[in-house]
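Okay, so here's the structure we're looking at.
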């Protein structure tokens, strides 16, 4: 889909965001194996994303971005994952926060426009800690004059090495309302914020999803974006989930597709082998159904402007679970098809085999999704 672009933007934005991702993809792929081996952040990829204007894709056009929809952002991350899974997953975390900020902007909520303008003009990175926090965030907020003091350790903070602002949550014991969750915007430059160097994992090794320590960090009142009930998937979090998880899931589907493409290339050496034919057929079928599931989730999310809906969240989580299971199966079979060469470090299939495992760790996990679907069908409260 061709999108309207900011006429003052660089010439590269005459292309759609998907075209731009395809154009820079080979240059991103050239560094993927090294960053995976080192466990280092995909810095060259982010240089490419900035040069192509991709980090401002979700910013509304009137503020200097591409005004990309959830579906377009999902397709973008899926394409990037064909070249580097870490780049796709890490930047998905930025894209979904920007997309939710655009949702807030369309409702005139405070702080949204200023943040979006910074993303458009400076291409700053927004970092989310929601994957590790979700309904039960780590850390505590204490009310002080003019705002709050917060202390806690945040895990799985992708892009932490280059982040400018984190979208995060803290527990607050309100004397009148009881235990609450405060959503906050906290600059990385704030006093008391420290990024750890502890991201050493099986897969997605280039995402720099380090822990972040916040010790007695002051957050002014105006940077508190929401005050929500503790432990509840309430309407604001339903919207965030409906926006974020299709975009994140697109990255994982792209990883599985990359493994499939590499396996088909390897299988071309023995196309007449019935076993290979069946293995390729299984992979193709699983990817087709997973793609349909993701398309269904995007349809349920109602374009770029989803309303709060637990049923939409369940639809999105169902798609994510299907992509996770299918992706793992596809990457396993891809290694069987390619044989011994795929077992070596540096193989695209070997990297995809490890990267796809991370799909199971985002909320809801595939098993939690089945429980949630069953409880909802039976009318049982969580």
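Between residue 368 and residue 302, 0.36 nm times their residue separation minus their Cα-Cα distance comes to what?
Length gained between residue 368 and residue 302: 21.4 nm.
Over the chain, what relative contact order in percent results from Cα pairs under 8 Å that are six or more residues apart?
Reported as a whole number, the value is 17 percent.
Using 0.36 nm per residue, how much length does the chain from residue 378 to residue 138 gain when fully extended, once their Cα-Cα distance is taken away?
Additional length available on full extension: 83.3 nm.
What do the square roots of 5 times the Cα gyration tensor eigenvalues come to for region 320-382, in whole Å, largest first, as semi-axes of the equivalent ellipsoid?
33, 10, 5
Could you tell me the ratio Rg/Rh of region 224-264? Both radii from Cα atoms, Rh via Kirkwood.
With Rh from the inverse mean 1/r over Cα pairs, Rg/Rh is 1.30.
I want to check the label-to-label distance for residue 109 and residue 14. Put each point 7 Å from Cα in the C-beta direction and report it in nm to one decimal.
3.8
Springs between alpha-carbon atoms under 10 Å, Gaussian network over the chain: tell me which of 47, 355, 36 tops the mean-square fluctuations.
The residue that fluctuates most here is 47.
With each run of n ≥ 4 DSSP H residues scored as -39500 (n - 2.57), what mean residue ellipticity at 222 nm is computed for the chain after dividing by its residue count and rounding to the nearest 500 deg cm²/dmol?
-16500 deg cm²/dmol
Given N residues in region 235-378, what is its alpha carbon radius of gyration divided by 2.2 N^0.38 Å?
1.15
Hey, what's the Cα Rg ratio for region 130-229 versus the globular rule of thumb, 2.2 N^0.38 Å?
Relative to the 2.2 N^0.38 Å estimate, region 130-229 comes out at 1.07.
If I fit a long axis through the Cα atoms of helix 70-81 and take the longest principal axis of the Cα atoms of the chain, what angle between them do I get, 0 to 90°, rounded to 10?
The answer is roughly 50 degrees.
Please work out the FRET efficiency for the pair residue 361 and residue 273, using the Cβ-Cβ distance as r and a Förster radius of 41 Å; give the result to the nearest 0.05.
Rounded to the nearest 0.05, the efficiency is 0.70.
Want the number for residue 37 to residue 50: 0.36 nm per residue separation, take away the alpha-carbon distance, what's left?
In short, 2.3 nm is gained.
Which angle between 0 and 90 degrees, to the nearest 10, do you get for helix 366-378 versus the longest principal axis of the chain when only C-alpha atoms count?
70
Once you've got the GNM for the chain with C-alpha springs shorter than 10 Å, pick whichever of 249, 201, 312 has the biggest mean-square fluctuation.
Of the options given, 201 has the highest mean-square fluctuation.
How big is the equivalent ellipsoid of region 55-167 along its three axes, where each semi-axis is √(5λ) from the Cα gyration tensor, reported in whole Å from largest to smallest?
25, 19, 12
Let me test this: with uniform point scatterers at the alpha carbons of the chain, what is the Debye-based log₁₀ I(q)/I(0) at q = 0.08 1/Å?
Here log10 of I(q) over I(0) equals -0.40.
Quick one: which of 129-138, 50-59 comes out on top by average Cβ neighbours within 10 Å, and what's the full order, highest first?
The most tightly packed comes first, giving 50-59, 129-138.
Which whole-angstrom value gives the distance between the alpha carbon centres of region 351-382 and region 92-153?
25
As I understand it, the value is the acute angle between the Cα axis of helix 85-105 and the longest principal axis of the Cα atoms of the chain; what does it come to in degrees, rounded to 10?
40
Tell me, what is the FRET efficiency for residue 336 and residue 213 to the nearest 0.05, using R0 = 51 angstrom and their Cβ-Cβ distance as r?
Efficiency, from the Cβ-Cβ distance: 0.75.
Using alpha carbon coordinates only, what is the Rg to Rh ratio of region 141-183, with Rh defined as the Kirkwood radius?
Taking Rg over the Kirkwood Rh, I get 1.05.
Once the Cβ-Cβ distance between residue 179 and residue 151 is put in as r, and R0 is 25 Å, what FRET efficiency do you end up with, to the nearest 0.05?
It comes to 0.95.
Any read-out appearing in this document is the output of simple, stated calculations on the displayed coordinates, not a laboratory observation. Here the structure is a predicted model, which means the values were calculated and not measured. Methodologically, a virtual Cβ is constructed for each residue, glycine included, from the backbone with ideal geometry; neighbour enumeration extends over all protein chains shown.
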